[in-house]
Amino acid sequence: MDTVATLLKATRARLKAAADPEFAAGLRRFFKEPVQPYGVRTPLVRELARLAYAQVKQWPVADRDRFVTDLWKGGLLEEGAMVCHLYRRFAKSCGECEFGMFEQWINRYVRNWSHCDGVSTWLIAASIANRPRLADRLAGWTKSKNRWKRRSAAVSLIQEAKQGRNTQTIFHICDLSLSDTDDMVQKGVGWLLKETYPRKPREVLDFLEGLRTHAPRLVLRLASEEMTEKHRKWLLTEPRP
């Protein structure tokens, strides 16, 4: 018996059984991008990921990766979310090979900010934490035609920012992304600067010194959310051309 196919069938049956059409309609309204939801709330998605992990952790890596890839191929919102919750449990083993797989997911399957941020802030971030040089690959993503890959270049460094690591790489990615007119990329950059500030306030202010008069307002507003009142006022009230 194919254990991958068996678990995949059981998982989808549980999701279908829990589907709430009214909640699904709300999700479709909530996302700006087209999404295909079952209409299942996050606590149950997390629980299904936990139950799947009990089996998947015993499998060869190839079977594990086939299972999660098949979930992605389904194209449903909760199935992609379940992949993120499940694979997060393997964070300590994420390295260069997994980084490449996660990049493929961004390229092939990620079509909304929720999936983008799950893959980026949990999984790609784990690979970078385990293999710091992988962060060097993100600069090339800022030129991608894929808006989610450009956003991922920034938000994949959120955990590094929270730990006060890779600061120069963070600023390099932000600098490359500031001219991006996509609001989802701008939000990612602003979020990254916001998370960098608590550990590196002076460095963030120095980085923004020459940018605050022409950087996108959305980036500056989000970047300022964790700042002191003095620093926020300095950043947001500078006369703009």
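Tabulate in residue order the Karplus-calculated ³J(HN,Hα) for segment 15-31, using 6.51 cos²θ - 1.76 cosθ + 1.60 with θ = phi - 60°, rounded to whole Hz; enter x for Gly and Pro.
Result, rounded to whole Hz: 5, 5, 5, 8, 4, 10, x, 5, 5, 4, 5, x, 5, 5, 6, 5, 7.
Along the charge dipole of the chain, which of 176, 164, 15 sits closest to the positive end, that is, farthest toward it, with unit charges on the beta carbon of Lys, Arg, Asp and Glu (+1, +1, -1, -1)?
Towards the positive end, the residue furthest out is 15.
Could you tell me which of the pairs 57/200; 9/145; 162/230; 32/145; 57/162 are separated by over 27 angstrom between their Cα atoms in the structure shown?
Flagged as over cut-off: 57/200; 9/145; 57/162.
Below 8 Å between Cα atoms, with a sequence gap of 6+, how large is the relative contact order for segment 71-141 in percent?
Normalised by residue count, the contact order of segment 71-141 is 39 percent.
Using a probe of 1.4 angstrom, how much of the accessible area of segment 141-181 is carbon and sulfur, in percent?
The value for segment 141-181 is 45 percent carbon and sulfur by accessible area.
Can you pull the one-decimal nm distance between simple spin-label points at residue 97 and residue 163, each 7 Å off the Cα toward Cβ?
So the two model labels end up 2.2 nm from each other.
Between residue 213 and residue 55, what is the spin-label point distance in nm, taking each point 7 Å from the Cα along the Cα→C-beta axis?
6.2
Between rounded, prolate and oblate, where does the chain land on the alpha carbon gyration tensor, with a ≥ b ≥ c its root eigenvalues, rounded for a/c under 1.5, else prolate if a/b exceeds b/c?
Prolate shape, in that a/c is at least 1.5 and a/b is the bigger ratio.
Please give the helix 61-74 orientation as an angle from the longest Cα principal axis of the chain, in degrees from 0 to 90, rounded to the nearest 10.
With both axes taken from Cα atoms, the answer is about 80 degrees.
The values are calculated or read from the model by the stated rules, or taken from the named source; none is laboratory data. Remember, it's a predicted structure, so these values are computed and weren't measured experimentally. We place every Cβ from the backbone using ideal geometry, glycine too, and count neighbours over all the protein chains shown. Surface accessibility is based on the protein's heavy atoms, side chains included, excluding ligands, DNA and RNA. Shrake-Rupley method; radii C 1.70, N 1.55, O 1.52, S 1.80 Å.
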